[in-house]
Each structure stands twice: as structure tokens, then as C-alpha cells.
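The values are calculated or read from the model by the stated rules, or taken from the named source; none is laboratory data. In this text, all values refer to a predicted model and were calculated from it rather than measured experimentally. A quick note on method: Cβ atoms are made from the backbone with ideal geometry, for glycine too, and the neighbour counts reach across all protein chains shown.
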Amino acid sequence: MKKTINFILGVAALLVAVACGSDRSEILKVYNWSDYIGEDVISDFEAWYKEQTGESIQVVYQTFDINETMLSKIEKGHEDYDVVCPSDYIIERMLNNGLLLPLDLKALPDSINYIEQNASPYIQKMFREINPEIDANDYSVAYMWGTTGIIYNPKYVTDEEAATWNVMRNPKFKDKLLVKDAARDVYGPVLIYLKQQELKDSLVTLQELMSDSSDESLAAVESFLREAKDNVLGWEADFGKDQMTKELGVVSINWSGDAVWAIEEAAELGVELRYVVPEEGSTVWFDGWVIPKYAHNVKAATYFIDFMCRKDIAIRNMDGTGYVSANGAYEVLESQIDEEYDPINLSYFFGEGADSICVNPTLYPDLAVIERCALEHDWGEDTDKLIEMWARVKGDNASSFTYVIIIAAAAIIAFAIYRAAASRKKKASRKAGRK
Ligand code: N2P
């Protein structure tokens with residue numbers, strides 16, 4: 001519903017803009033994840049753009065919940081979005097398929113080049129790992145980043161139970177498990193879990209597993225997910241965090257930012273939630289702004305990406321979404337420091353001086369967590385195998401539910417037909433009686 005409303009609002013904004021005579025250079029089409037930007041940031045950008053360039057801009061803002069939905073609109077639909085926000089392995093795919101325009105940071109006056117001023121060396125290094133042949137930093141600017149892990153309700157789930165991906169198929173949590181409808185982000189951790197022994201014996205590395213699209217691994221993950229399915233309350237794109245706060249679900253496979261949001265929201269309702277990245281390991285992900293090759297307004301797109309890198313805007317985006325900005329400015333970290341938390345080691349991100357910082361560990365993962373996480377990589381053509389497997393696993397659930405709906409609908413229709421026929425018959429016999 002939310003998605004439909006969002007789509008209608010986006011289209012309506014575009015129609016209004018066109019009806020008011022705005023030409024395309026006055027329109028910026030942004031396609032971002034849902035719940036992924038601070039309040040009023042868009043309107044502030046429009047005002048700032050006018051201030052900086054003297055030109056008007058109207059942002060047409062649309063959202064998606066799944067990387068692949070966004071990709072398909074550009075890859076297959078050639079939609080003319082000016083800025084989009086894919087995750088690492090999708091940036092890799094877009095780079096490989098020539099779908100991105102290089103960034104022209106020289107087009108920004110030095111004084112307002114926040115992209116270069118606030119870049120994080122750690123994130124830039126991670127972006128270089130996206131594609132060893134093409135430097136992703138030349139085509140994208142990181143926005144938010146985090147881990148994939150488990151949100152759980154300690155009233156029903158012990159810390160030990162939640163500390164392993166196997167919690168997904170623990171029979172104790174029948175109909176209480178929420179799974180992010182993001183095939184790659186679920187596949188990776190499950191495969192890491194299934195390959196524990198090989199990892200311990202150094203027969204395979206975490207990073208190698210992130211590129212493992214073999215039939216054998218796909219089958220192993222599929223069978224794990226089929227076992228977990230009895231527990232699944234929902235395959236969700238955006239309602240999981242909400243269901244956790246309402247205690248409808250007690251275990252949710254989710255991203256760290258949704259965890260921060262859910263934990264805070266739940267606390268206000270008197271519900272305790274926790275987040276853990278299981279000991280076996282997981283994925284660390286980065287979402288970045290890119291300009292697709294079908295973009296029409298490269299100038300405004302570049303300014304938009306730059307605005308997102310302004311320190312105060314980064315902090316507002318963090319506070320509004322629960323996610324962690326990729327901004328490397330110390331002030332951004334400083335805004336999150338809270339003595340209530342135990343110190344953690346963030347030297348990998350903010351340099352040697354930052355080895356003992358009191359900050360929410362769900363937001364910024366400790367070095368020890370980062371060391372057991374790896375970056376996902378594009379599978380190219382093999383992606384289709386994953387999508388098919390994912391549909392097979394989810395599909396069975398859908399079909400039993402669908403059957404119930406179909407049978408119920410058929411029963412209602414049959415009853416309605418029977419009633420209508422009976423009443424026609426009655427009327428006809430009354431008519432015949434009168435004659
Ligand atoms: C926020 C989506 C975050 C995307 N709704 C994580 N890659």
C-alpha cells in the first residue's frame with residue numbers, strides 16, 4: 001500500500017511539474033530506499049540548490065524496498081532516474097554492465113565539495129573492493145552502511161539462541177520469524193552458517209563464499225530455508241521492524257539500521273529488542289549514490305549527492321533513519337557518542353585514535369564484528385538461479401495461502417449464484433401462481 005501511494009505521489013509530482021511548465025533541467029528524479037532519508041532534507045536541498053546555482057529544482061522522489069526492483073527499472077525499463085541508491089553488489093553489476101555515468105566532482109565549487117571534504121578512507125577502500133578493475137569511487141559515493149544480523153525479543157529468545165543463524169529453523173519460533181525479502185542478504189549469512197566447518201578449517205574464506213553461486217551451495221541454502229519456512233511469519237521488505245515492536249514476530253533477519261529504529265521504537269512501547277551479528281559471520285553492506293546512464297539531469301544529481309555528504313545533513317539522515325552515514329567527518333561520529341554505551345574499537349573507520357569510543361554498537365560495528373563480515377559480490381547471470389530458488393522457497397507458502405483464498409472466494413461466489421438462482425426461481429413461480 002505504502003509503495004503504491006509512494007508511486008502515485010511520485011507520478012503526481014512529475015505530472016504537476018510538467019503541467020506547471022518545468023523543463024527537465026528543473027526536475028531531479030531521485031529513486032531511493034524507503035525510510036532512508038531525514039525529514040525535510042529534500043525540500044532543504046531544493047532551497048540550497050537555488051542558493052548555490054540560482055536555478056530552480058523540483059525533486060521527484062520515489063522509493064523502493066528491494067535492490068532488484070530498482071535495478072530492473074533501469075536495466076530493463078531504461079527509466080530516466082537521475083540519482084539512485086543501490087547496494088555494493090548492484091553497483092558492481094551496474095558498473096560491469098556500463099549502466100553508470102562517471103561522477104564529475106570538478107563540476108562542484110571547491111568550497112562546497114562535501115564529497116571530497118568528508119570522504120571516509122575506510123569506505124573508499126571498501127568501495128575499491130567492489131570491482132577490482134573499475135574503481136567504484138569514480139562512479140558512486142557511499143551513503144549508508146551496516147551489517148545484516150538478527151533482531152530478537154529477549155522475552156522469548158535467549159542471547160544464545162539468537163547468536164546463531166540456526167535460530168531461523170529453531171522449532172521454538174514457529175510463525176514468529178520475519179525474513180527480509182532480500183535474497184542475497186539472506187543467502188550470504190545462511191551459506192556462511194552452513195560452511196562453518198570449512199571456514200574453521202580454512203578451506204574457504206568468507207570473501208569466497210560471497211561469490212559462491214554454485215548449484216551445490218544454492219541447493220544447501222534452499223534446503224535450509226525450506227526447514228526455516230515453518231517459522232516464517234512474513235517475508236518482508238519494510239514491515240518487519242514494525243511487527244517486532246508489536247511483538248508479532250520475535251526474530252527478524254534484518255539490517256542494522258532497521259534494528260536501531262526498531263529497538264528505539266519498541267523501547268517507547270515498553271518492549272525490549274536486541275540486535276546481534278551471529279558469531280558465525282555475516283555480510284557488511286554499503287549503499288551508494290550513483291547516476292545511471294539514462295539520467296537527464298546530471299548537474300542537479302551531482303549537487304544532490306554532494307548535499308547528502310554535508311555533515312549536518314548526514315547527521316539528520318542518520319537520526320531520521322537509524323542507519324549509519326558513510327560520512328568520514330569526526331563530527332558525525334561525535335554526534336552519536338553516548339557514555340551510556342561500553343567503548344568499542346572503531347579504529348578501522350576513524351583511525352588509530354578511535355579505538356575506544358562509547359557509541360551504540362548496533363550503529364557502528366566493533367572491529368571484531370567487522371572482521372567476521374564480508375562484502376557481497378555480483379553473480380552476473382547466476383543471479384537468475386538465486387531469484388528462482390528464492391521464488392520456489394517463498395512460493396510454496398504463498399500457494400497454500402492462495403489456495404485458502406481461492407477456495408473461500410469460490411465458496412462465496414457459488415453461494416451468491418445459488419441465492420440469485422433461488423430468488424429468480426421463487427419470483428418465477430410467484431408470477432406463474434398469479435396467472
Ligand atoms: C532502508 C533500507 C536500507 C537498505 N529502508 C540496506 N541496504
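Quick look at the values:
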| read-out | value |
| --- | --- |
| Matching residues, region 264-299, being free of Cβ contacts under 8 Å to residues at least 40 places away in the same chain and within 16 Å of the ligand (Cβ to nearest atom) | Glu265 |
| Single residue of region 189-206 satisfying the filter (of a type outside the set (A, V, I, L, M, F, W, C) and surrounded by 18 or more Cβ atoms within 10 Å (Cβ to Cβ)) that is nearest to Ile130 (Cα to Cα) | Pro189 |
| Pick from region 239-263, criterion within 15 Å of the ligand (Cβ to nearest atom) and charged (D, E, K, R), ranking: farthest from Val190 (Cα to Cα) | Asp242 |
| Residues located in region 321-363, provided they are small (Gly, Ala, Ser), over 19 Å from Gly288 (Cα atoms) and not in a helix (DSSP H, G or I) | Ser335, Gly351, Ser356 |
| Filter result for Tyr323 (under 20 Å from the mean Cα position of the chain (by Cα), under 30 Å from Asn97 (Cα atoms) and buried (at least 18 other Cβ atoms within 10 Å of the Cβ)) | yes |
| Qualifying residue in region 395-404 (condition: modelled with pLDDT of 90 or more and out of contact with any Cys (no Cβ under 7 Å at 6 or more places or on another chain)) | yes |
| Helices (runs of 4 or more DSSP H) lying entirely in region 24-116 (those with 2 or more residues that are touching a strand residue (DSSP E or B) at 6+ places or on another chain (Cβ under 6 Å) and within 25 Å of Ala237 (Cβ to Cβ)) | 67-75, 88-96 |
| All strands (runs of 3 or more DSSP E) inside region 207-320 with 3 or more residues being buried (at least 23 other Cβ atoms within 10 Å of the Cβ) and within 19 Å of the chain's Cα centre (by Cα) | 251-255, 282-290 |
| Residue, nearest to the ligand (Cβ to nearest atom), within region 207-238, restricted to residues that are closer than 19 Å to Asp384 by Cα and free of Cβ contacts under 8 Å to residues at least 40 places away in the same chain | Asp212 |
| Odd one out for Val60, checked against (1) away from the ligand (no atom under 16 Å from the Cβ); (2) in contact (Cβ under 8 Å) with a residue 60 or more places away in the chain | (2) |
| Phe307 being at pLDDT below 95, more than 16 Å from the ligand (Cβ to nearest atom) and not assigned by TED's automatic domain parsing to the domain that holds Ile253 | no |
| Hits in region 29-56 (condition: out of contact with any helix residue (DSSP H, G or I) (no Cβ under 8 Å at 6 or more places or on another chain) and more than 30 Å from Asn67 (Cβ to Cβ)) | Ala47, Lys50, Glu51, Gly54 |
| Subset of region 338-365 [of a type in the set (Val, Ile, Thr) and either touching a residue at least 24 places away in the same chain (Cβ under 8 Å) or in the same structural domain as Lys241 (by TED's automatic domain parsing) (or both)] | Ile357, Val359, Thr362 |
